[in-house]
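S.K.: The structure follows.
The values are calculated or read from the model by the stated rules, or taken from the named source; none is laboratory data. Just so it is clear, the model here is predicted, and its values are computed rather than measured. So basically every Cβ, Gly included, is an ideal-geometry build from the backbone, and we count neighbours across all protein chains shown. Quick note on the areas: whole protein, heavy atoms, side chains included, nothing else; ligands and nucleic acids left out. Shrake-Rupley method; radii C 1.70, N 1.55, O 1.52, S 1.80 Å.
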Amino acid sequence: MSDSEPVATHTTVVDHPLVQHKLTLMRQTATTVVKFRQLAREIALLLAYEVTRDLPLTTIDIETPVSPAKAPALEGKKLCLVSILRAGNGLLDGMLDLVPSARVGHVGIYRDPETLIAVEYYYKVPEDLSERLTVVVDPMLATGNSAVAAVSKLKDDGASQIKFACLLAAPEGIEQMREVHPDVPIITAAIDERLNDHGYIVPGLGDAGDRLYGTR
Ligand code: URA
């Protein structure tokens, strides 16, 4: 694994000890599907904490049991989470634990196993994306092809403020996102060394979808 220096200034590595410990458990082959899923949910909640760090606040008037007060509250429409199917769904529940009112979109994109090029097969998102922070989630930012394609589609659809959250990022994927969408910050639990010839992140954690759903 590379040290925690960000590859790009728009990439944040969430180096909280709990995140790092849970990620180490997820990486291990011996970790069961049940545990893997639970850890994905827990890390997703902690990533969401970082993703939402700069949400705008306003001041509202409230009544406490003791006195009236002015207190901070979130301003504007709540965020929209967009899962890149299918592995992105593994991060949704944890993020929704923290932001239960978020809207949720789904983008179906698979990597052609030969070319590794992203192919879209499903797209369903809320209509008012332009008014929301849109957080695209996928556990693995590998080549970046799927993530970049999803972000392009969301921008075409009106999304103007987009962030990308993942568990693991490869330098190649970060570079690709930075080149095509420099306005999209990446929030990740770690940046690994590289991709192998099959487009897998090394050392990585294997196929996130298979490990979440027990399909291999
Ligand atoms: N997708 C995965 O699930 N794992 C990788 O290592 C790369 C892409």
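S.K.: Among the residues that make up the range 159-170, is at least one of them in contact with a Gly (Cβ under 7 Å, 6 or more places away or on another chain) and within 24 Å of residue 17 (Cβ to Cβ)?
M.R.: Yes, the range 159-170 contains a residue that is in contact with a Gly (Cβ under 7 Å, 6 or more places away or on another chain) and within 24 Å of residue 17 (Cβ to Cβ).
S.K.: May I pose another question? On the given criteria, is residue 112 more than 15 Å from the ligand (Cβ to nearest atom), open to solvent by 20 Å² or more (accessible area, probe 1.4 Å), among the acidic types (Asp, Glu) and out of contact with any Asp or Glu (no Cβ under 9 Å at 6 or more places or on another chain)?
M.R.: The answer is no for residue 112.
S.K.: Right, residue 94: outside any strand (DSSP E or B), open to solvent by less than 50 Å² (accessible area, probe 1.4 Å) and within 15 Å of the ligand (Cβ to nearest atom) or not?
M.R.: So residue 94 does not fit the description; no.
S.K.: Let me ask another. Considering each of 58, 52, 29 in turn, give the residue that is in contact (Cβ under 8 Å) with a residue 12 or more places away in the chain, at negative phi and surrounded by 18 or more Cβ atoms within 10 Å (Cβ to Cβ).
M.R.: 52
S.K.: Working carefully through the options 130, 146, 152, find the one that is on the phi < 0 side of the Ramachandran plot and surrounded by 15 or more Cβ atoms within 10 Å (Cβ to Cβ).
M.R.: Answer to the check: 146.
S.K.: Can you go through 107, 125, 135 and tell me which one is more than 16 Å from the ligand (Cβ to nearest atom), in contact (Cβ under 8 Å) with a residue 24 or more places away in the chain and within 27 Å of residue 27 (Cα to Cα)?
M.R.: Result of the check over 107, 125, 135: 135.
S.K.: Given the residues 137, 148, which is the only one that is in contact with a Leu (Cβ under 8 Å, 6 or more places away or on another chain) and under 20 Å from residue 11 (Cβ atoms)?
M.R.: Going through 137, 148 in turn, the sole match is 137.
S.K.: Within the range 187-208, does at least one residue satisfy the condition of being over 20 Å from residue 33 (Cα atoms) and away from the ligand (no atom under 15 Å from the Cβ)?
M.R.: yes
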